[in-house]
Amino acid sequence: MTVQQASARAHTNIALIKYWGKKDQQLILPMNGSLSLTLDHFYTDTTVIFDSSLKADQFWLDDQKHDAAKISQFLDLVRQHSTQRFFAQVKSYNHVPNAAGLASSASAFAALALAASQAAGLNLSRQALSRLARRGSGSATRSIYGGFAEWLPGTTDEDSYAVPLQEYVDWDIEMIAVIINRQQKKISSRQGMERVVETSPYYPAWVKSTQADLLAAKKAIQGHDLATLGELAESNALKMHALNLSAKPPFSYFEPQSLVAMRLVEKLRARGICCYYTLDAGPNVKVICAHQDSQIIKKTLQSVFAPDQLIEVFPGPGVQLINEK
């Protein structure tokens with residue numbers, strides 16, 4: 001029996017300028033560029049074991065066996081580009097709620113990309129890893145890098161990947177995640193995107209305006225301008241969710257408590273506290289702020305939310321190999 005294995009850890013990222021819609025479903029090429037911040041608190045650990053004794057790929061998530069079809073498709077990409085021909089056992093542990101708008105797929109496929117490629121004997125560059133991760137989940141392409149990263153949309157498999165903007169964030173920015181609901185969302189990101197691209201009359205305007213948002217956000221990061229970056233992120237998130245409301249049939253990821261959290265952030269801002277919110281495809285709200293203001297923000301949020309619903313998170317690292325389990 002021959003066994004080859006590797007383990008990797010990748011962190012989630014939260015898009016400040018969103019990707020919402022594909023121009024190629026198979027290659028996962030986005031309609032527009034995007035920009036994100038990788039976070040330290042939420043991550044996925046994945047071990048890939050290529051084993052000559054296996055008769056099929058196996059996938060375990062948090063010690064529960066799951067259907068391996070999507071994982072097998074991803075592993076096939078690795079096998080195509082390596083000399084590895086064995087089936088694999090994939091064991092993942094998610095330190096983030098699955099499918100709740102906290103980017104669990106980003107950390108999952110970034111970790112899988114590194115672990116699988118290393119176990120298969122490949123020594124990929126980070127750009128190549130970013131391309132590979134993208135084939136599992138679009139947002140995973142950005143989790144290869146720490147700190148701020150930009151996904152270049154490209155037009156082919158070769159030129160669609162993420163690049164680091166500021167991997168080591170040396171200025172005061174963090175997020176407070178408000179966990180409204182840890183349950184899996186009813187409409188997946190993939191389903192939501194497809195419906196919006198096909199039916200929203202506002203979609204062309206979204207693509208155009210997001211290009212301008214991206215340029216402005218990059219400038220704000222270079223200038224360590226939290227207020228401008230927060231304002232852009234909040235506006236961009238609201239535009240994304242407006243697309244969902246304009247789709248046919250319309251849908252929304254907001255829950256009543258999401259709106260409560262958003263209003264509290266607006267009230268804090270009216271009091272002179274520099275804080276802004278963003279939401280991905282899920283009900284959970286992320287508050288963008290400076291660490292110096294985090295205590296007063298958390299105190300205000302705790303007037304409604306339990307302490308264990310509030311998680312303070314900071315800029316996190318890129319994907320890395322870890323000791324094998």
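The values are calculated or read from the model by the stated rules, or taken from the named source; none is laboratory data. Note that the structure is predicted; figures quoted are calculated from it, not measured. Every residue, glycine among them, receives a Cβ derived from its backbone with ideal geometry; neighbour counts consider all protein chains shown. Ligands, DNA and RNA are stripped out before the accessible areas are found, and what is left, the full protein with its side chains, is counted by its heavy atoms. Shrake-Rupley method; radii C 1.70, N 1.55, O 1.52, S 1.80 Å.
When residue 127 is tested against (1) at pLDDT below 95; (2) open to solvent by 60 Å² or more (accessible area, probe 1.4 Å); (3) not aliphatic (A, V, I, L, M), only condition (1) is not met.
Only residues that are at pLDDT 95 or above and more than 21 Å from residue 36 (Cβ to Cβ) were counted in the range 157-190, giving 1. Contact annotation: residue pairs with Cβ atoms under 7 Å, 6 or more positions apart or on different chains, pairing a residue in the range 135-157 that is closer than 17 Å to residue 214 by Cβ with a partner that is at pLDDT below 95 and open to solvent by less than 10 Å² (accessible area, probe 1.4 Å), are 139/106; 142/106. Selection of the range 249-258 for residues being of a type outside the set (S, T, N, Q) and surrounded by fewer than 20 Cβ atoms within 10 Å (Cβ to Cβ) yields 249, 250, 251, 254, 255, 256. Considering each residue of the range 9-51, count those that are closer than 19 Å to residue 279 by Cβ and open to solvent by 20 Å² or more (accessible area, probe 1.4 Å), and give that number. Result for the range 9-51: 2. Of all residues in the range 226-248, those that are over 12 Å from residue 206 (Cα atoms), open to solvent by 60 Å² or more (accessible area, probe 1.4 Å) and free of Cβ contacts under 8 Å to residues at least 40 places away in the same chain total 1. Within the range 161-168, not a single residue is open to solvent by 30 Å² or more (accessible area, probe 1.4 Å) and more than 20 Å from residue 319 (Cβ to Cβ).
Results for (1) modelled with pLDDT of 95 or more; (2) part of a loop (DSSP other than H, G, I, E, B); (3) of a type outside the set (Gly, Ala, Ser); (4) open to solvent by 10 Å² or more (accessible area, probe 1.4 Å), shown as yes or no for each residue.
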| position | (1), (2), (3), (4) |
| --- | --- |
| 273 | yes, yes, yes, yes |
| 282 | no, yes, no, no |
| 288 | yes, no, yes, no |
| 292 | yes, no, yes, yes |
| 296 | yes, no, yes, yes |
| 300 | yes, no, yes, yes |
| 305 | yes, yes, yes, no |
| 308 | no, no, yes, yes |
